[in-house]
């Protein structure tokens with residue numbers, strides 16, 4: 001996949017490195033000399049475009065006509081909105097993602113402004129913190145479908161309700177799928193006859209309601 005990332009700061013550089021390692025074609029657009037110097041030590045030079053990402057000419061130089069994804073992750077909400085509008089309405093990029101720096105501006109990051117997915121870092125951190133505080137030892141590994149679903153991991157606690165049950169006999173909540181079990185460092189592919197043991201690390205795909213119910217099955221009684 002061809003991805004253009006506008007903004008080479010910490011967010012942009014980390015995103016770009018992740019995408020490159022995953023085998024995607026990436027172009028990073030940045031114009032600040034100090035940031036360009038930092039990028040030169042982290043990303044191949046031929047993937048870095050020196051210029052203003054809110055300029056149509058610079059975006060064309062980056063190859064936006066061929067891009068499947070545009071990510072506007074600069075430190076300015078106003079700049080990010082200009083970039084997303086250009087990407088969607090001028091160049092018809094099929095997937096446009098934008099970073100929100102100030103939560104007060106979140107209402108502007110809509111499809112009408114060319115934004116398919118908005119990343120409000122402050123809100124994401126607040127939600128994850130609240131979830132981790134309320135779910136004991138359950139850990140969120142990944143959010144998908146704009147946070148509607150989560151991949152979570154939890155180790156089965158001593159005396160948990162699930163201990164000793166075969167998966168087929170365990171009454172799981174709706175919208176909950178056990179996708180893997182880690183037992184003594186080895187992956188166990190879940191089957192209906194798999195007996196759950198204390199200390200098993202359970203990987204599951206859940207929505208918010210199922211997450212809370214699964215935590216009751218796997219966690220310490222009374223939590």
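The values are calculated or read from the model by the stated rules, or taken from the named source; none is laboratory data. The model shown is predicted, which means the values in this text are computed figures rather than measured ones. Neighbour counts are summed over all protein chains in view; Cβ atoms, including those assigned to glycine, are modelled from backbone coordinates with ideal geometry.
Selection of the stretch 22-73 for residues being in a helix (DSSP H, G or I), out of contact with any helix residue (DSSP H, G or I) (no Cβ under 9 Å at 6 or more places or on another chain) and under 18 Å from residue 11 (Cα atoms) yields 33, 34, 36, 37, 40.
Restricting 23, 63 to residues that are on the phi > 0 side of the Ramachandran plot and free of Cβ contacts under 8 Å to residues at least 60 places away in the same chain narrows the list to 23.
Looking at 29, 73, 58, which is the one that is over 24 Å from residue 120 (Cα atoms) and crowded, with 16+ Cβ neighbours inside 10 Å?
On the way: 29 fails: over 24 Å from residue 120 (Cα atoms); 73 fails: over 24 Å from residue 120 (Cα atoms).
After applying the criteria, what remains is 58.
Taking the stretch 74-92 as the search range and keeping residues that are assigned to a helix (DSSP H, G or I) and under 20 Å from the mean Cα position of the chain (by Cα), which one is nearest to residue 115 (Cα to Cα)?
Taking the stretch 74-92 and keeping what is assigned to a helix (DSSP H, G or I), we get 77-90.
Next cut, under 20 Å from the mean Cα position of the chain (by Cα) only: 77, 80, 84.
Values: 77: 12, 80: 10, 84: 6 Å.
Residue satisfying both the conditions and the ranking: 84.
For the stretch 93-116, which residues satisfy the criterion of being in a loop (DSSP other than H, G, I, E, B) and either modelled with pLDDT of 95 or more or within 21 Å of residue 48 (Cα to Cα) (or both)? Steps first, answer last, please.
Narrowing the stretch 93-116 to residues in a loop (DSSP other than H, G, I, E, B): 93-94, 101-102, 109-110, 114-116.
If the condition is that a residue be in a loop (DSSP other than H, G, I, E, B) and either modelled with pLDDT of 95 or more or within 21 Å of residue 48 (Cα to Cα) (or both), then 93 is the only one that fits.
For the stretch 198-220, the condition of being within 26 Å of the chain's Cα centre (by Cα) and on the phi > 0 side of the Ramachandran plot holds for none of the residues. Among residues that are in contact with a strand residue (DSSP E or B) (Cβ under 7 Å, 6 or more places away or on another chain), in contact (Cβ under 8 Å) with a residue 60 or more places away in the chain and part of a loop (DSSP other than H, G, I, E, B), residue 11 is not included.
For residue 55, the conditions (1) over 21 Å from residue 34 (Cα atoms); (2) without any contact (Cβ under 8 Å) to a residue 12 or more places away in the chain are fulfilled apart from (1). Scanning the stretch 156-173 for residues that are at pLDDT below 90 and touching a strand residue (DSSP E or B) at 6+ places or on another chain (Cβ under 9 Å) yields a total of 1.
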